[in-house]
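Contents: one structure, followed by commentary.
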Amino acid sequence: MEAYDIVVLGGGSGSQVATAAAERGLEAAVVEPGPLGGACITRGCVPSKALIHRADVVEAVRGAEAFGIDAGVHGVDYDGITDAIHDTVYAKADNQTSSMREAANVTLCRGEGRFVDDRTIAVDPDDGSGTAEITGETVVIAVGGRPMVPPIDGLEGVGYLTSDDALFLDERPDELVIVGGGYIGAELGYFFGALGADISLVGRSERLVPREDEAVSTAVTESLADYCDVYTGYEAAEVEPADERQSGEGIVVTAEPSDDGNDGGETVELAADDLLLATGRRPNTDTLALEETGVETDDKGYVETDNRLETAVDGIWVLGDVIGQQPYKHAADYEAQVVMRNVLDDASRTVDYEAMPHAIFTEPRVASVGQTEGDLADAGREYEVATVPYDAAPLGLILEAGDGFVKALAGPDGEILGCHIVGPQAATLLHEVVVAMDGGGTVDDVAGPVHVHPALNEVVYAAFDELSSRAYSTAPDWRDVGDG
Ligand SMILES: Cc1cc2nc3c(=O)[nH]c(=O)nc-3n(C[C@H](O)[C@H](O)[C@H](O)COP(=O)(O)OP(=O)(O)OC[C@H]3O[C@@H](n4cnc5c(N)ncnc54)[C@H](O)[C@@H]3O)c2cc1C
């Protein structure tokens, strides 16, 4: 049995902890059955954004006329697009594998890991070469999650897609029902809709992306209606093959009004070539045999941890989607940093998610940090709000992005409580606010520094300037022209 100083289960963000340990001269092992890099590289962030960029290109060409340019989309090489993206992301995963195999002190154990006891891991390789057992003085659980398949009547009798397969189709479906109104459903609804597919997008809540600030989720719901038939306040109750109704190939989804936000709606039947389930993700803890350890999980299977990311067992740490706190790649990387510090430097670092941003890559884009106005109202907190449209800044007006906005939320003393941006480059614009929040700054820390003119960040500047205590304002305001 091989003995390691540190064993990491999962080759996504967790592999960085193993690499850091190996660089310190510790013996480390990464247990991973699939491509290195985890969901983000081959099944998540990167391929989905590469597709969405193609949708943006199509949209830019279609929108060219508004700027006096005569252009048109004459064809889409769908297979070529998905092949190219597939090659790029798998090249990255392969390169990570080669680097790890060449690195000193770190071993890649190919296969699925499960606990035998608190310090012993059985690795089941899928090549049938037989189970091997390894031990780690420290163990890190970083096994991520996978698409959740909801209990829909008839699902076992039809084929369906999840985000794992929808990113690499050979052909664009002509008609698609997407079940799930969260960010993955919304992003894929935008992508397939922009590429000309007929999309029915079914979301259980009153609005798509319902966890966002209400102004944001309203904007996304309205804008997605340009790309999809949006059924908010509905849930998929049943699905059957279309040919059972003698109407050809494909599926028919029966969607019923949900309890959440649909009084008096009528049941609808949605026919399509394919069904895509984007109904959330579940943690990969069910195959880990955690019952052989003292590690505790909640009722959804997410690993319980203290604020230093150590589990109920000393020396077993956890990070990433399997915690269920902040299901984003950058959050998993941040948590990997906290685990590195605590395991390798004995640093007692605690996690702090207050300035944890996230983004949604629909059209328009969304980016958020901190609390929503709803959170603040529910908590009974005193706050001030400023919402400034993109066309306050001349570049926002030039881009015709007047539907976009920056919404800033602050306490009476200027403490930044949240910021929600809808519009071009939202994720990039948000970062000056993230930096200010991370440093415990106030609205003056965003409004004070000089902003490049005419850059889109002038919208952020204008929103925070409205909340600022500064005596004089020089924030641009082109709304008089935009409105006209
Ligand atoms: C379609 C889609 C789009 C996304 N877009 C974004 C985005 O734009 N921005 C963003 O920040 N996030 C995005 N995400 C989320 C992001 O991919 C995850 O938050 C991130 O990958 C989490 O990292 P992780 O290391 O916790 O888990 P993962 O990346 O899932 O890595 C876990 C690894 O553990 C392995 N594993 C599973 N079981 C075992 C086992 N028993 N033994 C050993 N290994 C095991 C898996 O094979 C996997 O490689 C997206 C996700 C999806 C699905």
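Mind checking which residues of the stretch 268-322 are more than 25 Å from residue 39 (Cβ to Cβ) and in contact with a helix residue (DSSP H, G or I) (Cβ under 8 Å, 6 or more places away or on another chain)?
The one that is more than 25 Å from residue 39 (Cβ to Cβ) and in contact with a helix residue (DSSP H, G or I) (Cβ under 8 Å, 6 or more places away or on another chain): 271.
Are any residues in the stretch 448-462 surrounded by 13 or more Cβ atoms within 10 Å (Cβ to Cβ) and over 19 Å from residue 387 (Cβ atoms), and if so, which ones?
Our first condition is that a residue be surrounded by 13 or more Cβ atoms within 10 Å (Cβ to Cβ); within the stretch 448-462, this holds for 448, 451, 453-462.
Answer for the stretch 448-462, where residues must be surrounded by 13 or more Cβ atoms within 10 Å (Cβ to Cβ) and over 19 Å from residue 387 (Cβ atoms): 448, 453, 454, 455.
Can you tell me which residue is surrounded by the fewest Cβ atoms within 10 Å (Cβ to Cβ) among those in the stretch 29-42 that are within 6 Å of the ligand (Cβ to nearest atom) and in contact (Cβ under 8 Å) with a residue 40 or more places away in the chain? Walk me through how you get there before you give the answer.
Step one: of the stretch 29-42, the residues within 6 Å of the ligand (Cβ to nearest atom) are 31-34, 38-40.
When the remaining residues are screened for being in contact (Cβ under 8 Å) with a residue 40 or more places away in the chain, the result is 31-33, 38-40.
Working: 31: 30, 32: 27, 33: 16, 38: 27, 39: 26, 40: 22.
Within the stretch 29-42, the match that is surrounded by the fewest Cβ atoms within 10 Å (Cβ to Cβ) is 33.
For the subset of the stretch 330-353 comprising residues that are more than 16 Å from the ligand (Cβ to nearest atom) and charged (D, E, K, R), which member is nearest to residue 141 (Cα to Cα)?
So the residue we want is 341.
Considering only residues that are without any contact (Cβ under 8 Å) to a residue 24 or more places away in the chain, surrounded by fewer than 16 Cβ atoms within 10 Å (Cβ to Cβ) and assigned to a loop (DSSP other than H, G, I, E, B), which ones fall in the stretch 268-314?
Listed by number, the residues that qualify are 286, 296, 299, 304, 306, 312, 314.
Of the conditions (1) outside the structural domain of residue 469 (by TED's automatic domain parsing); (2) modelled with pLDDT of 95 or more; (3) more than 30 Å from residue 477 (Cα to Cα), residue 325 satisfies every one except a single condition; which number is it?
(2)
Across the stretch 359-389, which residue is nearest to the ligand (Cβ to nearest atom) among those that are of a type in the set (Gly, Ala, Ser) and closer than 25 Å to residue 331 by Cβ? Working first, answer last.
In the first step, residues of the stretch 359-389 are kept if they are of a type in the set (Gly, Ala, Ser); the result is 359, 367-368, 370, 374, 377, 379-380, 386.
Then drop every residue that is not closer than 25 Å to residue 331 by Cβ, which leaves 359, 367-368, 370, 374, 379.
Numbers: 359: 7, 367: 11, 368: 13, 370: 17, 374: 23, 379: 26 Å.
By that ranking, first place goes to 359.
Pull out all pairs, ordered by first then second residue, where Cβ-Cβ is under 9 Å, the residues are six or more apart or on different chains, the first lies in the stretch 97-126 and is near the ligand (Cβ under 9 Å from one of its atoms), and the second is of a type outside the set (Asp, Glu) and part of a helix (DSSP H, G or I).
Filtered contacts from the stretch 97-126: 114/290.
Being exposed (fewer than 15 other Cβ atoms within 10 Å of the Cβ), out of contact with any strand residue (DSSP E or B) (no Cβ under 7 Å at 6 or more places or on another chain) and touching a residue at least 24 places away in the same chain (Cβ under 8 Å): is that true of residue 363 here? Write out each step before concluding.
Numbers: exposed (fewer than 15 other Cβ atoms within 10 Å of the Cβ): no; out of contact with any strand residue (DSSP E or B) (no Cβ under 7 Å at 6 or more places or on another chain): yes; touching a residue at least 24 places away in the same chain (Cβ under 8 Å): yes.
No.
Could you look through the stretch 315-326, keep only residues that are crowded, with 21+ Cβ neighbours inside 10 Å and within 21 Å of residue 45 (Cβ to Cβ), and pick out the one that is nearest to the ligand (Cβ to nearest atom)? Lay out the reasoning, then the answer.
Within the stretch 315-326, the subset crowded, with 21+ Cβ neighbours inside 10 Å is 316-323.
From what's left, within 21 Å of residue 45 (Cβ to Cβ): 318-323.
Values: 318: 9, 319: 7, 320: 2, 321: 4, 322: 6, 323: 8 Å.
Within the stretch 315-326, the match that is nearest to the ligand (Cβ to nearest atom) is 320.
Is it the case that the stretch 72-87 has a residue that's within 16 Å of the ligand (Cβ to nearest atom), in the same structural domain as residue 58 (by TED's automatic domain parsing), within 27 Å of the chain's Cα centre (by Cα) and buried (at least 19 other Cβ atoms within 10 Å of the Cβ)?
yes
Working carefully through the options 214, 156, find the one that is free of Cβ contacts under 8 Å to residues at least 12 places away in the same chain and over 30 Å from residue 29 (Cβ atoms). Outline the logic, then answer.
On the way: 214 fails: free of Cβ contacts under 8 Å to residues at least 12 places away in the same chain.
Only one candidate qualifies: 156.
Can you pull out every residue in the stretch 195-211 that is over 20 Å from the mean Cα position of the chain (by Cα) and touching a residue at least 60 places away in the same chain (Cβ under 8 Å)? Let's see the steps before the verdict.
Keep residues of the stretch 195-211 that are over 20 Å from the mean Cα position of the chain (by Cα), which gives 195-200, 206.
Those that are over 20 Å from the mean Cα position of the chain (by Cα) and touching a residue at least 60 places away in the same chain (Cβ under 8 Å): 195, 196, 198, 200.
Please work out which one of (1) within 13 Å of the ligand (Cβ to nearest atom); (2) under 16 Å from residue 142 (Cα atoms); (3) not basic (Lys, Arg) is the condition residue 356 fails and give its number.
So residue 356 meets the others, but not (2).
Can you find a residue in the stretch 163-173 that is within 11 Å of the ligand (Cβ to nearest atom) and in a strand (DSSP E or B)?
Taking every residue of the stretch 163-173 in turn, none turns out to be within 11 Å of the ligand (Cβ to nearest atom) and in a strand (DSSP E or B).
Among the candidates 21, 55, 60, 50, which residue alone is more than 10 Å from the ligand (Cβ to nearest atom), in the same structural domain as residue 118 (by TED's automatic domain parsing) and buried (at least 24 other Cβ atoms within 10 Å of the Cβ)? Walk me through how you get there before you give the answer.
On the way: 55 fails: buried (at least 24 other Cβ atoms within 10 Å of the Cβ); 60 fails: buried (at least 24 other Cβ atoms within 10 Å of the Cβ); 50 fails: buried (at least 24 other Cβ atoms within 10 Å of the Cβ).
The match here is 21.
Considering only residues that are closer than 14 Å to residue 399 by Cα and touching a strand residue (DSSP E or B) at 6+ places or on another chain (Cβ under 7 Å), which ones fall in the stretch 448-484?
The answer is 459, 479.
Please give the number of the condition residue 4 fails out of (1) buried (at least 19 other Cβ atoms within 10 Å of the Cβ); (2) within 11 Å of the ligand (Cβ to nearest atom); (3) of a type outside the set (A, V, I, L, M, F, W, C).
Among (1) buried (at least 19 other Cβ atoms within 10 Å of the Cβ); (2) within 11 Å of the ligand (Cβ to nearest atom); (3) of a type outside the set (A, V, I, L, M, F, W, C), the lone unmet condition for residue 4 is (2).
Residue-by-condition table, conditions (1) assigned to a loop (DSSP other than H, G, I, E, B); (2) out of contact with any Pro (no Cβ under 7 Å at 6 or more places or on another chain); (3) free of Cβ contacts under 8 Å to residues at least 40 places away in the same chain; (4) surrounded by fewer than 18 Cβ atoms within 10 Å (Cβ to Cβ):
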residue: 388; (1), (2), (3), (4): no, yes, no, no
residue: 400; (1), (2), (3), (4): yes, yes, no, yes
residue: 406; (1), (2), (3), (4): no, yes, no, no
residue: 413; (1), (2), (3), (4): yes, yes, yes, yes
residue: 446; (1), (2), (3), (4): no, yes, yes, no
residue: 464; (1), (2), (3), (4): no, yes, no, no
residue: 476; (1), (2), (3), (4): yes, no, no, no
residue: 481; (1), (2), (3), (4): no, yes, no, yes
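Find the strands (runs of 3 or more DSSP E) located wholly in the stretch 28-123 whose residues include 1 or more that are in contact with a Gly (Cβ under 9 Å, 6 or more places away or on another chain), hydrophobic (A, V, I, L, M, F, W, C) and at pLDDT 95 or above, and list them.
So the answer is 28-32, 106-110.
The values are calculated or read from the model by the stated rules, or taken from the named source; none is laboratory data. Predicted, not measured: the structure shown is a model, and the values here were computed from it. As a convention, Cβ positions derive from the backbone with ideal geometry for all residues, glycine included, and neighbour counts pool all protein chains shown.
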